[in-house]
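Peer 1: Supplied in structure tokens, the structure appears directly below.
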Amino acid sequence: MIINHPLLGPRDAQEFVYLGDASLIDRPDASGETALDDFHDYLYLRDNPAGSHKELWFHEQGDRSWLVVTRDTRTHEITHVELAFEYAKRRGRDK
Amino acid sequence: MRYSALRILLEGIRGHTGWKPVWRDPAPQPDYDYIIVGGGGHGLATAHYLAKIYKKARIAVLEKGWIGGGNVGRNTTIIRSNYLLDGNEPLYEFALKLWEGLEQDLNYNAMVSQRGILNLCHSDAQRDAFRRRGNAMILNGADAELLDQHQVREMAPFLDFENARFPIKGGLLQRRGGTVRHDAVAWGYARSAYSHGVDIIQNCEVTGFKIEKGLVKGVETSRGYIGAKKVGVAVAGSSSRVMAMAGLHLPIESHVLQAFVSEGLKPLIPGVITFGAGHFYISQSDKGGLVFGGDIDGYNSYAQRGNLPVVEDVLEGGMALMPMIGRARLLRMWGGLMDMSMDGSPFIDKTPIEGLYFNGGWCYGGFKATPASGYAFAHLLATDAPHETATELRLDRFRAGAMIDEKGAGAQPNLH
């Protein structure tokens, strides 16, 4: 697979490390009343779709940036790549 | 029809005109007592034990394609029970004991071959870990032997013992481990289940569950609605997709695991051998092909095919372990879908929906567990209580903090 890095251009997926579903960016509120349930779901449960999947890849052997890659899990086709911090900002995270 | 040497002789004389199909292809009935979703090894084994051991009737196995067309036909056929943790080892040892009597139980030649599995160690620390694991196995009634380098040399002189980076120091041997003809497992269970009255319904995809007030009533399928008192789902690889139709969110990711087979060679590899420094395991099939594999590709996938970096990694592992295989030509490679769970261990449990039961999360260790998985799942379906070897394989174990994490890798499915 080739990941089209937003800053570096097309890079071999071998340079990256895979973490998992990009929902890991949406860390629950630790002081909320339902924090225990929220963290259980956040840490252990996954949508695991057959189709389009947003996921976190780390460019370990490159510029060490985190990316959010949108990839079809049935074909391995990558349709969108963006920097994780930009994705996180859009979802209301401050960093 | 009972199979025997005499039967083969008689059929030889009659020109093999007397063989009959071993299961019929029934149309689904309007309702059943038990529906098993998934006609793979685990689903068919469940149906077999449910009918034969637990004496239940009105059972159907629903399979979206043809039986044995999924992971039971895609694995590297290894059986073993060399696990460390108490939540796992009793189940796998139970499976190994069932494998030992499987052919008599099913009256079917599944080519169970206890040729031994040898895990190599390459450092003192690894030998210590193997000693601990071997002791845990023995405590659970399995067999284990710690071999020194000399003993390994006698068994497998072709290994690269003097490898500068990963010299072979010894190994953990389980003599009762080995290989089984994988397709015959599916066919043998199907034949036996059918002979005990189970309907095996192929080309029948489950498209939804009918659930009323938290109680399962039946399943919607591509061949119409089928009612059921109890529904057991055994579709590892696609568990998340199927259980999502019942509104369940699982601690599972689907990953692809690749396997490989070389051209046929003369007898070369005595049993199953695994590399302790990389991830590489190899055995030789009865046809002579070297069957081997390594790690999963490492990212979510439903593609049933992998990518080249892992091919390279597996073959590098093979070359580091036994350089001679560089002369063999690769014949075929393929991929299968793994339910990778959050702690690397499986589930055999009830669900929050009454009458709906789940068997999955087998990571890439499902084949060896097939008989025990079917037995324990049948026990759960029949009695509503977990089988004694599967009490810890709970869906809620993460909430309870009772993970069964053999590797200690944490909630990271691609590392298990």
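Every number in this text was worked out from the coordinates using simple rules, so none of it is lab data. Here the structure is a predicted model, which means the values were calculated and not measured. Cβ sites come from the backbone with ideal geometry, for glycine too, and all protein chains shown count toward neighbours.
Peer 1: Given C-alpha coordinates of the range A:33-95, what is the ratio Rg to Rh with the Kirkwood estimate of Rh? Working shown, then result.
Peer 2: On the way: Rg = 14.0 Å, Rh = 13.5 Å.
For the range A:33-95, the value is 1.04.
Peer 1: Shifting gears a bit: Using the Karplus curve 6.51 cos²θ - 1.76 cosθ + 1.60 with θ = phi - 60°, what ³J(HN,Hα) values do you get for each residue of the range B:279-294, in whole Hz, with x for Gly and Pro?
Peer 2: Working through the residues one at a time gives 10, 7, 9, 8, 8, 10, 6, 5, 7, x, x, 7, 9, 8, x, x Hz.
Peer 1: Just report the Cα centroid separation between the range B:246-303 and the range B:328-381, whole Å.
Peer 2: If we compute the Cα centre of each part, the gap is 15 Å.
Peer 1: So, one more: Output wanted: per-residue J couplings in Hz (rounded whole) for the range A:67-73, from phi through Karplus 6.51 cos²θ - 1.76 cosθ + 1.60, θ = phi - 60°, x for Gly and Pro.
Peer 2: So the J values, rounded to whole Hz, are 10, 9, 10, 9, 9, 8, 6.
Peer 1: Here is a further query. Can you list the residues, at least 5 places off or on another chain, whose amide H is less than 5 Å from the amide H of B:Q304, using H built in the peptide plane?
Peer 2: HN-HN under 5 Å from B:Q304: empty list.
Peer 1: How far is helix B:182-195 tilted off the main Cα axis of chain B, in degrees rounded to 10, range 0 to 90?
Peer 2: The two axes meet at around 30 degrees.
Peer 1: What is the local net charge at B:K56, summed over the other residues whose Cβ is closer than 12 Å to its Cβ (Lys, Arg +1; Asp, Glu -1)? Intermediate results must be reported in sequence, preceding the final value.
Peer 2: Values: positive: B:K52, B:K55, B:R58, B:K229, B:K230; negative: B:D33.
Net charge in that neighbourhood comes out at +4.
Peer 1: If you don't mind, there's one more thing I want to ask. Between B:L265 and A:R27, with labels modelled 7 Å along Cα→Cβ, what's the label distance in nm to one decimal, could you check?
Peer 2: 5.0 nm
Peer 1: Return, ordered by residue number, the residues of the range A:40-65 whose backbone nitrogen is under 20 Å from a label point located 7 Å along Cα→Cβ of A:N4.
Peer 2: Within reach of a label on A:N4, which here means backbone N under 20 Å from a point 7 Å along Cα→Cβ, the range A:40-65 contributes A:51-59, A:63, A:65.
Peer 1: May I pose another question? Return the FRET efficiency for the residue pair A:R74, B:R329: r is the Cβ-Cβ distance, R0 is 35 Å, and the value is rounded to the nearest 0.05.
Peer 2: Values: r = 31 Å, r/R0 = 0.87.
My answer for the efficiency is 0.70.
Peer 1: A further question on this structure: With both bridge residues required to lie in chain B, what share of the DSSP beta bridges run antiparallel, to the nearest 5%?
Peer 2: Numbers: 50 of 70 bridges.
In chain B, approximately 70 percent of DSSP beta bridges are antiparallel ones.
Peer 1: For B:M324, B:M243, what ranking results if the residue with the fewest other Cβ atoms within 10 Å of its Cβ goes first? Don't skip to the end; give the middle numbers.
Peer 2: On the way: B:M324 13, B:M243 24.
Taking fewest neighbouring Cβ atoms as first place, the list is B:M324, B:M243.
Peer 1: Mind checking which of B:R58, B:R394, B:R176 has the largest fluctuation in a GNM of chain B, springs on alpha carbons under 10 Å?
Peer 2: Comparing B:R58, B:R394, B:R176 in a Gaussian network model of chain B, the most mobile one is B:R58.
Peer 1: Still on this structure, please answer the following. Using modelled backbone amide H atoms (1.01 Å from N, in-plane), which distant-in-sequence or interchain residues come within less than 5 Å of B:V112's amide H?
Peer 2: Sorted by chain and number, the residues that satisfy this are B:R181.
Peer 1: Can you give me the Cα centroid spacing of the range A:1-56 and the range B:22-51 in angstrom?
Peer 2: So the separation of the two Cα centres works out to 38 Å.
Peer 1: How much length is gained if the chain between B:D33 and B:R2 is pulled fully straight, taking 0.36 nm per residue apart and subtracting their Cα-Cα distance, in nm to one decimal? Provide the component values of the computation, followed by the final result.
Peer 2: Details: separation 31, 0.36 × 31 = 11.16 nm, distance 2.78 nm.
Value of the extension gain: 8.4 nm.
Peer 1: Shifting gears a bit: So if I place +1 on the C-beta of Lys and Arg and -1 on the C-beta of Asp and Glu, and nothing else carries charge, what would the dipole magnitude of chain B be about its Cα centre? I want it in debye, nearest 20.
Peer 2: Dipole magnitude for chain B comes out near 1100 debye.
Peer 1: Next question, about the same structure. If I model a spin label at A:D12 and B:A320 as a point 7 Å from the Cα along the Cα→Cβ vector, what separation in nanometres do I get?
Peer 2: Label-label distance for A:D12 and B:A320, simple model: 1.7 nm.
Peer 1: So which residue, out of B:F358, B:F292, B:F161, gets the largest mean-square fluctuation from a GNM of chain B using Cα contacts under 10 Å as springs?
Peer 2: Largest GNM mean-square fluctuation: B:F161.
Peer 1: Next question, about the same structure. When the dipole is taken about the Cα centre of the range A:2-90, and only Lys, Arg (+1) and Asp, Glu (-1) are charged at their Cβ, what size is it in debye, to the nearest 20?
Peer 2: Values: 9 positive and 17 negative charges, 60 e Å.
Here the range A:2-90 has a charge dipole of around 280 debye.
Peer 1: Specify the angular offset, from 0 to 90 degrees and rounded to the nearest 10, of the alpha carbon long axis of helix B:89-100 from the longest principal axis of the alpha carbons in chain B.
Peer 2: 80 degrees
Peer 1: Across the protein assembly as shown, what fraction of all alpha-carbon pairs, as a whole percent, falls in each successive 10 Å bin from zero upward?
Peer 2: The distribution over the protein assembly as shown is 4, 18, 28, 26, 17, 6, 1, 0, 0, given as percents.
Peer 1: Charges at C-beta only: +1 for Lys and Arg, -1 for Asp and Glu. How large is the resulting dipole of the range B:261-356 about its Cα centre, in Debye rounded to 20? Walk me through the numbers on the way to the answer.
Peer 2: Numbers: 7 positive and 11 negative charges, 117 e Å.
Roughly 560 debye for the range B:261-356.
Peer 1: Just name one of B:A60, A:V69, A:W57: the one whose Cα is farthest towards the positive end of the charge dipole of the protein assembly as shown (beta-carbon charges, Lys/Arg +1, Asp/Glu -1).
Peer 2: B:A60
Peer 1: Report, ordered by chain and residue number, the lysines lying within cross-link reach of B:K64, taken as a straight Cα distance under 29 Å and ignoring same-chain residues fewer than 8 apart.
Peer 2: Cα-Cα hits under 29 Å: A:K54, B:K20, B:K52, B:K55, B:K56, B:K210, B:K213, B:K217, B:K229, B:K230, B:K350, B:K368.
Peer 1: Whole-Hz Karplus ³J(HN,Hα) for the range B:71-87, in order, using 6.51 cos²θ - 1.76 cosθ + 1.60 and θ = phi - 60°, x for Gly and Pro?
Peer 2: Working through the residues one at a time gives 5, 5, x, 10, 9, 9, 6, 8, 10, 5, 9, 9, 9, 9, 8, 5, x Hz.
Peer 1: In chain B, once you exclude exposed GluC sites (Glu not before Pro) (DSSP loop, at most 12 other Cβ within 10 angstrom), what's the longest stretch remaining?
Peer 2: Values: sites that count: B:E162, B:E388.
Answer - B:163-387.
Peer 1: Looking at A:M1, B:L173, B:S192, which one has the Cα that reaches farthest to the positive end of the dipole of the protein assembly as shown (charges on Cβ: Lys, Arg +1; Asp, Glu -1)?
Peer 2: B:S192
Peer 1: Over chain B, with a Gaussian network built from C-alpha contacts below 10 Å, which listed residue (B:G68, B:G289, B:G401) shows the highest mean-square fluctuation?
Peer 2: Of B:G68, B:G289, B:G401, the most mobile in the Gaussian network model is B:G401.
Peer 1: Going out from 0 in 20 Å bins, what whole percent of all Cα-Cα distances in chain B drops into each bin?
Peer 2: For chain B, the pair-distance distribution reads 27, 57, 16, 0.
Peer 1: Residue farthest toward the positive end of the dipole of the range A:2-90, with Cβ of Lys/Arg at +1 and Asp/Glu at -1: which of A:T34, A:S23, A:V81?
Peer 2: The residue sitting most towards the positive pole is A:V81.
Peer 1: To one decimal place, what orientation-averaged projected area in nm² is obtained for the convex hull of the Cα set of the range B:302-382?
Peer 2: Numbers: hull surface 31.5 nm².
Averaging across all directions leaves 7.9 nm² for the Cα convex hull.
Peer 1: How high is the relative contact order of the range A:2-90, in percent, counting Cα pairs under 8 Å that sit 6 or more residues apart?
Peer 2: Normalised by residue count, the contact order of the range A:2-90 is 28 percent.
Peer 1: Further question on the same structure: How much mean residue ellipticity at 222 nm does chain A get from its helices, if each DSSP H run of length 4 or more adds -39500 (n - 2.57) and you divide by all residues, to the nearest 500 deg cm²/dmol? Mind dumping the intermediate values first?
Peer 2: Details: 2 runs with 17 residues, N = 95.
Value at 222 nm, helices only: -5000 deg cm²/dmol.
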